[in-house]
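Quick notes on the structure that follows.
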Amino acid sequence: MQPTNQPTIQPSNRPTIQQQAEDMAVEVLKGVMEDKIKSTNIEIATVTEDRGYYVYSKEEVVGILGRMEE
């Protein structure tokens, strides 16, 4: 049996495409909202092939907002 030439997946600290999209959406909200953005005055949802329509929990929104402050 010959080895395949498939690339090895290495763990990375680089943000995923979805994380980049979440960050971009939050940045847009920050620019257009009159009030300071908080987990209590926004909701985030995604539509993906694997999860379908998914509404983020409050804890997930807090995590995204915390990531934006770093």
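Can you give me the number of residues within the range 25-38 that are part of a loop (DSSP other than H, G, I, E, B), out of contact with any helix residue (DSSP H, G or I) (no Cβ under 8 Å at 6 or more places or on another chain) and either touching a residue at least 60 places away in the same chain (Cβ under 8 Å) or open to solvent by 100 Å² or more (accessible area, probe 1.4 Å) (or both)? Give the derivation first.
Initially, the range 25-38 is screened for residues part of a loop (DSSP other than H, G, I, E, B), giving 33-38.
Subset that is out of contact with any helix residue (DSSP H, G or I) (no Cβ under 8 Å at 6 or more places or on another chain): 33-36.
Narrowing further to those that are either touching a residue at least 60 places away in the same chain (Cβ under 8 Å) or open to solvent by 100 Å² or more (accessible area, probe 1.4 Å) (or both): 34-36.
Here the count works out to 3.
I'd like the full set of residues that are open to solvent by 50 Å² or more (accessible area, probe 1.4 Å) and either among the β-branched types (Val, Ile, Thr) or modelled with pLDDT of 95 or more (or both), limited to the range 46-64. If you could, list the steps in order and put the result at the bottom.
Filtering the range 46-64 down to residues open to solvent by 50 Å² or more (accessible area, probe 1.4 Å) leaves 47, 49-51, 53-55, 58-60, 62.
Result: VAL47, TYR53, TYR54, VAL55, LYS58, GLU59, GLU60, VAL62.
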Check on ASN41, out of contact with any helix residue (DSSP H, G or I) (no Cβ under 6 Å at 6 or more places or on another chain) and modelled with pLDDT of 90 or more: yes
Criterion violated by SER12 - all others in (1) modelled with pLDDT of 90 or more; (2) open to solvent by less than 100 Å² (accessible area, probe 1.4 Å) satisfied: (1)
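The values are calculated or read from the model by the stated rules, or taken from the named source; none is laboratory data. The model shown is predicted, which means the values in this text are computed figures rather than measured ones. Here the Cβ is made from the backbone with ideal geometry for all residues, glycine too, and neighbour counts use every protein chain on show. Surface accessibility is based on the protein's heavy atoms, side chains included, excluding ligands, DNA and RNA. Shrake-Rupley method; radii C 1.70, N 1.55, O 1.52, S 1.80 Å.
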